[in-house]
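FYI, it's all coordinate maths here, none of it is from the lab. All values reported here derive from a predicted model rather than from experimental measurement. Methodologically, a virtual Cβ is constructed for each residue, glycine included, from the backbone with ideal geometry; neighbour enumeration extends over all protein chains shown.
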Amino acid sequence: MDELEQLVVQAEREAAEASSVSEVATIEARYLGGKGSLQAQLRLIGSLLRENRPTFGARVNAARDRLAAALAERRQALAAAEAARRLERERIDVTLPGHPFPAGGEHPLSQTEARIKAALVGLGFEFAEGVELEDYAHNFAALNYPPEHPAFDEQMTFYVDDTRLLRTQTTAIQGRLMPRRPPPFRYAVVGRCFRYEAVDATHHHTFHQVDAFMVDRGIGMADLKGVLRQFASTMFGGDVMVRFRPDFFPFVEPGVDYSILWQGRWLELGGAGLVHPNILEAHDIDSETYSGFAFGLGVERIHMIQNGVADLRLYLDNDFRFLSQF
Amino acid sequence: MRLPVEWIVEMAPTGDTADELARRLTMAGLEVEETAESNIGPVLSIKVTPNRGDCLSVVGVARDLGALTGVSLRLPSFARSAGPGEMEDWSGVTIEDPDLCPRYAARLVRDIRPGESPRWMQDRLLAAGMRPVSNVVDVTNYVMIETGQPLHAFDYERLAEGRIVVRRARPGESIVSLDGVQRELSPEMLLICDAKKPIAIAGVMGGTDAEMRSSTTVMLLESAHFLWTSIRRTARALGMTTEASYRFERIVDPAGVVAAADRACALIEELGFGKPVEGVLDEYPGAAPRRRLSVRPARCSAMLGFPVTESDVRTALARLGFDETESGVSIEFAVPSFRPDVVREIDLVEEVGRVLGYDRIPERLPEGATTQGRDTDLSTRMGCARRLLVGCGLQEVVGHSLLASNELDRPIAAGDRVAIRSALSADLAGLRASLLPGLVDVLDRNARRGHGRLAAFEIGRVFRRTEAGYDESVNVAGAIAGPMVGSGWARDTRWRSTDFHTAAGVVERLVRGLGAPSPSLAPGDDPRLHPGRQAWITVAGSRVGLLGELHPQRAADLHIRSRVLVFELALEALPDAQPPAALTPLSPYPPVVRDLAPRIALTVPYESVRRAVEDARPDTLESFELTDVFDGAPLPEGVRSLTLSFTFRAPDRTLADAEVADALAALRAALAERCGATFAV
């Protein structure tokens, strides 16, 4: 083994023993650098016989390549090991709870109103905004309530003066919408209503209602039943059945209350009926040619049914433990 | 109204059990709310709608049952009086105000022997919810429940001249009613009088002056028809509702007046505690022919949605007591006197449908022109605000419109609180002018319940009274106290402490998210808020709301330990979202970011600094941001350092260092001139 051979073996051993990338760099400089051992060997070439020079040069080059490859391999291995160690050092407890972001939420009544709106808009109803501080004329007179009628007993409310009151029903908007344009039309409104009632689990002086009505040629009770079924199916999911029971509201005739069969139970949802011809005629709509229906229901009631809420008071109480469940 | 099943089926022998009866009545519009037990069997609680006064009796309910089932009724039979007979020797009836009293009938019973009514009658009265009093009173009540006609018994011997005069009260007149209360009367109230004095408030309650006593031997029995609106007004004005007034308000059959009196006399005779005098005094100035109405079977079919034949119409209406008077394309009927609610063809359509059954109505979707369904613009904006605030981590709440007087309740714009007239409860005394009282209350109550994360908003209507009238508009408001998130274990405390500027960030997000220009803030002077930590919010030149820390004095009584930050904006006062301007081309050239750290007196608000930059804005300035605020040593007292980070970029070239330097110099100059800024370097 000549000196060149010994040099390579020595360098390879050192490379194999190197424990860090920087050590590999030191070894590389020592053997392959400009002042390195192999470079020194190459300088010996001048002292050789002319015919031996190519062979020796080739041997030095081969030795340099071999050493460079060995060093590169070692460097790579060490770098990989170091990277692996570094990643290992960075290991964290992935089971720690995530940093919380502030969580907001919509009130269940808003969520329910949005669903009601989507269902009715899909059925061609155009929503309108009513006022909570309504006048007597719209809340009662325009809805065919005769003066002094006992029907008022169910509609006791809060007055701010002789003519202004807190609306008892979102139906109060009918008189504002009927004159807007000639039939056919389909309108709906959702909002807050008030009645002078003692507050308990199923009664509140403040509650929310949705009211929808349409007027067109040839509208009858069958259209009402069909639209209610479609609406209830969208709201409650699955197939529902609608049942009518005679009831009385001055602004509809015939008047009914309607129930739906949902999950094996009949649930009373609200009142409905055909728009009273007196109301159509009050707006110069020919009640022979045109007829219409109207229906209403409680927003709370829908949410209560769907979520098994038994106490109406929870909605305005705003306990975050309640609200955050929806 | 409570009626024992035993009594109903005695007249309408349908063969139904109590449950079947309850279901049948409910499905026909006489809702049975409850079935209770009594010692004479089940008792139905029936909710009679206000249009069906005719059903406030056993006979009325039986009549509807007969119509629904086709069962013939077994009504009580008794001797009917005809003509005044001997009555003219005893008494007289004068109706001075026939507009309020269309009919008044009187009968006499002599040889009254006061005592108790028989057990079976007491049982029925008790089951119907009435207390047995004496044989005479019990009979009048029994007949009222049976027929719906209220009766009143007077002590004949105490009637001046033995006569009845029906007239309006005179100014200043008063009466002591049977409940012992002195009632001041007004001239729109109808009275029953004798020749001299009032003896009863017509249709509402008797008076003590001619009250039946244990010594009474001759009774005058009143059976009358009063104008329902008059009875209702009187009862309400006097604050009393009686079994009689409740029925009169719902219109009692004028045709049944004499029969009810006869039935009572027959019962008294049968039970052996008095001898009816033959004849009846029947004044009937308001007699009117029965209303006639036509109904088209085709219209019934169209409205009900299923085929209705002529014979369906005839059968249904005949069973309900309507008499056919003419037939053709439409069939004309005489409406029975006990159905004043039936006034138009559509009412007959309903009756036909009710008897045939609403279960026959099919389902159909309207076939007419398609209409465009849509939500309102206001509601769309409310929904947008809702999503933005939820995105900021606030929980939506829905509060009360009715509110006790509260020092936090102030409108954003000028105006007074809207008060509820004669409010019975302080909690319901007025309408909210601001959402803040409710929100602070919600936060406080949740804090009391141990909830740590207190961040809520409400979007709702507020009210105020202005010179122009009442104003109702939609506000959006929020309240935040303490951390926006649970404690967590992170060292980054971004969400764990909130201050004025957190709330300002929420407001900025809200306003910008609604498509309005950035809000600007200026120190405010609202007494509800901390004097040094509050701002008016101005958008596009108009004041739209306010923002600040709740005044420590207002927060002192709360259970909230942290400072409470609130904001409130008039949602409708914000300008409409602007359609997006033409797209700004995306520059392919790199940005240059440079900071300036002007030192500015504490008395100069940041808003002035921002405006100075905006006004001096070089073309190449793409955006700028405040990245640090510092005061204290080593800065001199009264001075703070603001670090502003400017991003420069040109659409068409890479900026040269000199260009950026020039732009920065211009900004420095503007800050120095406008804000008195100095620069350390």
Nearest-ten-degree value, helix A:21-32 long axis tilted from longest Cα axis of chain A: 30 degrees
Computed lengthening from residue A:322 to residue A:61, 0.36 nm per intervening residue step minus Cα-Cα distance: 85.8 nm
Rounded to the nearest 20 debye, dipole of the protein assembly as shown from Cβ charges on Lys, Arg, Asp, Glu: 3080 debye
Inter-label distance for residue A:19 and residue A:154, nm, one decimal - labels placed 7 Å from Cα along Cα-to-Cβ: 9.3 nm
Sequence-distant lysines (8 or more away, or on other chains) whose Cα lies within less than 27 Å of residue A:117: A:225
Two-site label geometry, residue A:69 and residue B:184: point separation in nm, points 7 Å out along Cα→Cβ: 12.2 nm
Rounded if a/c under 1.5, otherwise prolate or oblate - region A:110-204, Cα gyration tensor axes: oblate
Per-pair calculated FRET efficiency, R0 = 41 Å: residue B:36 and residue B:275 via Cβ, rounded to 0.05: 0.60
Global geometry of chain B, whether rounded, prolate or oblate, following the gyration tensor of its Cα atoms and the 1.5 cut on a/c: prolate
Region B:80-236 - percent relative contact order, Cα under 8 Å, separation 6 or more: 30 percent
Region B:444-546: C-alpha gyration tensor shape, a/c 1.5 cut-off, then a/b vs b/c: prolate
Nearest-ten-degree value, helix B:310-319 long axis tilted from longest Cα axis of chain B: 70 degrees
Reachable lysines, given that their alpha-carbon falls under 30 Å from the alpha-carbon of residue B:196 and they are not under 8 places away in the same chain: B:275
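Tally Lys/Arg at +1 and Asp/Glu at -1 over every other residue whose Cβ is under 9 Å from the Cβ of residue A:18; what's the total?
Working: positive: A:74, A:75; negative: A:14, A:17, A:23.
Its environment carries a net charge of -1.
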Helix B:606-616 vs. chain B, principal-axis angle (Cα, 0 to 90°, nearest 10): 60 degrees
19 Å reach of a label modelled at residue B:387, 7 Å along Cα-to-Cβ, counting backbone N of region A:85-126: A:103-122
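Between residue A:162 and residue B:160, what is the FRET efficiency for a Förster distance of 45 Å, r being their Cβ-Cβ separation, to the nearest 0.05? Provide the component values of the computation, followed by the final result.
Numbers: r = 41 Å, r/R0 = 0.91.
The calculated FRET efficiency here is 0.65.
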Ascending count of other beta-carbon atoms within 10 Å, so fewest first, for B:589, A:187, A:31: B:589, A:187, A:31
Förster radius 22 Å - calculated FRET efficiency between residue A:313 and residue A:111 (Cβ-Cβ, nearest 0.05): 0.75
Residue exposure sequence - B:142, A:136 - by fewest surrounding Cβ within 10 Å: A:136, B:142
Normalised per residue, the volume of the convex hull around the Cα set of region B:489-538 (Å³): 103 Å³
Two-site label geometry, residue B:606 and residue A:103: point separation in nm, points 7 Å out along Cα→Cβ: 3.1 nm
